[in-house]
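*Asks:* Mind having a look at this structure? Questions to follow.
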Amino acid sequence: MLDFRTVREELPGPKWRSLFDYHWPAYEQWYLSEGERERPAYLACYNALRRHMPELMDTYRMLCELAGGGDLSARLLSLYRPPAYITGCSQAVLARPSSTVLARNYDYPPELCEGTILCSRWNRRRVIAMSDCLWGVLDGMNDAGLAVSLAFGGRKAVGDGFGAPIILRYLLETCDDVPQAAEVLARVPTHMAYNITVADRAGRYVTAMIAPDRRASIRRVPVATNHQKKIEWYAHALASETLIRERQLSILVDDESTGEARLVSALASPPLFRHDYGRGLGTIYTAVYRPTEGSAGFHWPGLNLELGFEDFPEERITVRYGARGLYTG
């Protein structure tokens, strides 16, 4: 079971602190899962964030203070060299003359998902995003018309860099369009392999295949699942059905008759929608971002939630996951 909450708070304050208090015990356990010595010291975290994403420093300091000013929470919030984690995910861009849509399924263990959809204005841009690691982003959109989404890249490489959710937060806080986002993705180091798909209201899109052990590959590709160009981790590729999902999405996007409704319907059905919750590869939610309109939709079987920068009601949705399907209440 997972509670999804929509939270609106322009600047970090009591609502964010409440989220921190609720999620911190689980995040602390995760952050120390490999032993504290495996995590970088505070000064290394601070300097890495200041070097690679300096525009986030004021927000980072504010969040650290709200979290109580502790050493461990500050290190975690930097998301510099965090523990490794693996997701599924399918994502695609529909760029049509009238509008652009970025849609995705997020496949992950429900008990490890934060479930917070946060509407904020921490810097000069308003952002709607599915939160992760308390201020990171799994997928989201800003009011400049940039939408982003991440998927695991299907490789075992782990190295010196940041968790992808903080990189996506950086994109939404500092970038207005795909060319700006591509420049950031080419230079900010990542600690694991990820496929980051970005789209903007002008209809531009790219998928950046980033990794800690090689240069980013940034191409005008509208579809991404869980491999980078070729299969390198065969067991994960087989379990996640990454090639099957990629082909299904490619067929849909290449068909000019495919619109948003058809794409969302496909994401709600196998093979794109997965019920493999026992192995942590089940679909938790479907997200749809419309940067041209400034609106977003979140979908579960039998329930649709529509949000926008001007219309963002705060509510809670409970979703129960099981082998036979999802149930909302």
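*Asks:* Which aspartates and glutamates does Lys156 reach when only Cα atoms under 15 Å apart count, and residues fewer than 8 places away in its own chain are ignored?
*Replies:* In chain and number order, the partners are Asp213, Glu232.
*Asks:* Tell me the mean residue ellipticity at 222 nm calculated for the chain from its helices only (DSSP H runs of n ≥ 4, each -39500 (n - 2.57), averaged over every residue, nearest 500).
*Replies:* -8500 deg cm²/dmol
*Asks:* Roll a 1.4 Å probe over the protein chains and send me the accessible area per residue for region 34-86 in Å².
*Replies:* Per-residue accessible area for region 34-86 comes out at 49 Å².
*Asks:* Here is a follow-up. Of the listed peptides 23-34, 161-172, what is their order by residue-averaged count of other C-beta atoms within 10 Å, with the highest listed first?
*Replies:* Averaged packing, sorted descending, gives the order 161-172, 23-34.
*Asks:* Give the shape of region 86-227 as rounded, prolate or oblate, defined through the alpha-carbon gyration tensor: a ≥ b ≥ c are the square roots of its eigenvalues, a/c under 1.5 means rounded, and otherwise the shape is prolate if a/b is larger than b/c and oblate if not.
*Replies:* The shape class here is rounded.
*Asks:* Can you tell me which aspartates and glutamates have their Cα less than 13 Å from the Cα of Lys230? Leave out same-chain residues fewer than eight positions away.
*Replies:* Glu246
*Asks:* Let me ask another. Rounded, prolate or oblate, given the Cα gyration tensor of the chain, with a/c below 1.5 counting as rounded?
*Replies:* The shape class here is rounded.
*Asks:* What residue among Thr197, Gly282, Gly153 has its Cα farthest toward the positive end of the dipole of the chain, where the charges are +1 on Lys, Arg and -1 on Asp, Glu, each on the Cβ?
*Replies:* It is Gly153.
*Asks:* I would also like to ask the following. Just how large is the dipole of the chain about the Cα centre, in debye to the nearest 20, putting +1 at every Lys and Arg Cβ and -1 at every Asp and Glu Cβ?
*Replies:* Computed charge dipole of the chain: roughly 740 debye.
*Asks:* Would you work out the relative contact order for region 29-122, in percent, from Cα pairs under 8 angstrom that are 6 or more residues apart?
*Replies:* The value is 24 percent.
*Asks:* Here is a follow-up. Quick one: compute the contact order of the chain, relative version, from alpha carbon pairs under 8 angstrom and 6+ residues apart, as a percent.
*Replies:* This gives 21 percent for the chain.
*Asks:* Rounded if a/c is under 1.5, else prolate if a/b is larger than b/c, else oblate: which is region 1-145, with a ≥ b ≥ c the root eigenvalues of its Cα gyration tensor?
*Replies:* prolate
*Asks:* Projected onto the charge dipole of the chain (+1 at Lys/Arg Cβ, -1 at Asp/Glu Cβ, origin at the Cα centre), which of Pro270, Gly69, Ala237 gives the Cα projection farthest towards the positive end?
*Replies:* With unit charges placed on the Cβ atoms, the residue in question is Ala237.
*Asks:* Ignoring ligands, DNA and RNA, what accessible area per residue does region 105-241 give at 1.4 Å, in Å²?
*Replies:* Counting only protein heavy atoms, the per-residue value for region 105-241 is 31 Å².
*Asks:* Below 8 Å between Cα atoms, with a sequence gap of 6+, how large is the relative contact order for region 83-126 in percent?
*Replies:* The value is 30 percent.
*Asks:* Ignoring ligands, DNA and RNA, what percent of the 1.4 Å accessible area of region 62-206 is carbon and sulfur?
*Replies:* Percent of accessible area from carbon and sulfur atoms in region 62-206: 49.
*Asks:* Something else: Could you sort Arg316, Arg51 by accessible area so the largest value comes first, with the probe set to 1.4 Å?
*Replies:* Ranking Arg316, Arg51 by accessible area, largest first, yields Arg51, Arg316.
*Asks:* If you take every residue apart from Val158 with its C-beta less than 14 Å away from the C-beta of Val158, what net charge results, scoring Lys and Arg +1 and Asp and Glu -1?
*Replies:* It works out to a net charge of 0.
*Asks:* If the elastic network links every pair of Cα atoms under 10 Å, which of Asp139, Asp71, Asp107 fluctuates the most in the Gaussian network model of the chain?
*Replies:* Largest GNM mean-square fluctuation: Asp71.
The values are calculated or read from the model by the stated rules, or taken from the named source; none is laboratory data. Owing to the predicted nature of the structure, the values given are computational and were not obtained by experimental measurement. Please note: Cβ atoms are built from the backbone with ideal geometry, for glycine as well, and neighbour counts cover all protein chains shown. Only protein heavy atoms, including side chains, enter the accessible area calculation; ligands, DNA and RNA are left aside. Shrake-Rupley method; radii C 1.70, N 1.55, O 1.52, S 1.80 Å.
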